[in-house]
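The values are calculated or read from the model by the stated rules, or taken from the named source; none is laboratory data. The model shown is predicted, which means the values in this text are computed figures rather than measured ones. Glycine also receives a Cβ, built like all others from the backbone with ideal geometry; neighbour counts cover every protein chain displayed. Surface areas here come from the heavy atoms of the whole protein model, side chains and all, with no ligands, DNA or RNA. Shrake-Rupley method; radii C 1.70, N 1.55, O 1.52, S 1.80 Å.
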Amino acid sequence: MTYLEGVYWDLDGTIANTELEAHLPAFNFAFKDFNLNWNWDISTYIDLLKINGGKNRISYYSKINKNNSLSNEVLTKVHERKQYHYINFVKKNNVISLKRGVYRLINELYKNKVRQFIVTSSSKKQANLITNQLFKEFNPFEFIISSDDVQFHKPNPLPYLKAMKLSGIECSKSIAFEDSSSGLRSSLGAKLPTIYIPSNI
């Protein structure tokens, strides 16, 4: 019989409700700072979630709005400003919550000595902030693989491949949890059995 030894969790939309609660307002704050005539509503943002990574979303939106296309230099600055607003918004406002049933499952896995890890497209700073807020002194995760740790992000399998190498756990004794199609392609590309629960936002 094969026993479960490791679980790899995506963060945004899988463990935590963050997209509409904090990421979306942070994007709009950054756009305002740069005097861009952009204001993403909920419908627009949900559609943009098919693009993985905040910088990639800004780039994509810039390209489809040819009258407001951004250079790579400006694109980078807008994304950095978005990250600044995200961190400050989360710190000042009690807006982040766990997805339903997630804490119970994470706690059960922890009690049964199943090792747990986070594999996310967010930055290390953002991921640490969210996990510290949600779990406080109880930290069930051995490590976080973030966008800062890999050259290629989801849907590329590299984030999961790096996590698997670091954990040393066989694929057959592991599972991943994902909520996005790009995350699913990433985990399956790394040959990880995956439980896919599409985000309900």
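The mean accessible area for residues of the chain, using a 1.4 Å probe and ignoring ligands and nucleic acids, is 53 Å² per residue.
Each Cα pair of region 1-119 feeds into the Kirkwood radius, which the Stokes-Einstein equation turns, at 25 °C and 0.890 mPa s, into a diffusion coefficient of 152 µm²/s. In the elastic network of the chain, a GNM with C-alpha springs shorter than 10 Å, the most mobile of 54, 168, 183 is 168. Within region 140-201, the proportion of C-alpha pairs whose separation exceeds 12 Å stands at 66%.
Evaluated with a Cβ-only charge set (Lys, Arg +1; Asp, Glu -1), region 41-200 carries a dipole of roughly 80 debye about its Cα centre, given to the nearest 20.
Here, P(r) means the percent of Cα pairs in each 10 Å bin from 0 to the largest distance; for the chain it is 8, 36, 35, 16, 4, 0. Close amide H partners of residue 97, meaning residues 5 or more places away or on another chain with modelled amide H under 5 Å apart, are 17.
Taking N as the residue count of region 69-173, its C-alpha radius of gyration divided by 2.2 N^0.38 Å amounts to 1.24. Here the accessible area is traced with a 1.4 Å probe on the protein chains. For region 93-201, carbon and sulfur cover 53 percent of it. Between the amide H of residue 145 and those of 118, 119, 120, distances stay under 5 Å, these residues lying 5 or more places away or on another chain, with hydrogens modeled in the peptide plane. Inter-part distance, region 85-121 to region 126-147, computed on C-alpha centroids, equals 7 Å. For region 1-153, averaging the sequence separation of C-alpha pairs within contact (under 8 Å, six or more residues apart) and dividing by the residue count gives a relative contact order of 32 percent. Stretching residue 65 away from residue 139 to a fully extended chain increases their span by 22.4 nm, per 0.36 nm per residue minus the current alpha-carbon distance. Most tightly packed first, judged by the mean number of other beta-carbon atoms within 10 Å of their residues, the peptides 4-15, 185-196, 29-40 read 4-15, 185-196, 29-40.
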